[in-house]
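Report on the following structure.
Each reported figure results from applying straightforward, stated rules to the coordinates on display, with no laboratory input. Everything quoted here is computed from the prediction, not taken from an experiment. All Cβ positions, glycine included, derive from the backbone under ideal geometry; neighbour counts span all protein chains shown.
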Amino acid sequence: MAAPATPDQRLADLARLRRVRDRIDREYAQPLNVEALARGVHMSAGHLSREFKAAYGESPYSYLMTRRIERAMAMLRRGDMTVTEVCFAVGCSSLGTFSTRFAELLGMPPSEYKRAAAFATAGLPSCVATRVSRPVRIREARVGALT
């Protein structure tokens, strides 16, 4: 059994996790996977996944997909791109996976969101529209409503 991490080691691990999160935020449209992210910070994929989830409440893949969906929402609100174009622009390689994840996070498919967003954020500055329309997982919204 491994010894518990020292405070210095824990801080070093948190710094590496922040680097992973920052890389995901910067390179969300690039092909990223947990193995490549882990190699970049000299961790195993399993250890990175466990530590990332403990620190941020979701897996690296889930965080990546949430960032992609946030960027997709902004693109869909603009209205000048099709759902398929947006899917590929944010780094997803499968329209089906993109649509499923989008609906999972927002409770509606991207095509419906595109139609609704055109009216919902009309006249709002983009910084306000982004904040108001940030995705909240449906299951998180339900849990929050119960407490």
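Mean separation of Cα pairs under 8 Å and 6 or more residues apart, divided by the residue count, gives segment 7-92 a relative contact order of 30 percent.
Here the extension length gained between residue 82 and residue 6 equals 22.3 nm, from 0.36 nm per residue of separation less the Cα-Cα distance.
The 3J(HN,Hα) values that the Karplus relation (6.51, -1.76, 1.60; θ = phi - 60°) gives for segment 67-81 are, in residue order, 4, 4, 5, 4, 5, 4, 4, 4, 5, 5, 5, 4, x, 9, 10 Hz. Gly and Pro appear as x.
As a proxy for reagent exposure, ranking 24, 69 by other Cβ atoms within 10 Å from fewest up yields 24, 69.
A viscosity of 1.567 mPa s and a temperature of 4 °C, combined with the Kirkwood radius over C-alpha pairs in the Stokes-Einstein formula, give segment 19-73 a diffusion coefficient of 117 µm²/s. Annotation for residue 18 and residue 74: the two label points, set 7 Å from Cα along the Cα-Cβ direction, are 2.2 nm apart. In segment 6-132 the Cα-Cα distances spread across 5 Å bins starting at 0 as 2, 11, 19, 19, 16, 13, 9, 6, 3, 1, 0 percent of all pairs.
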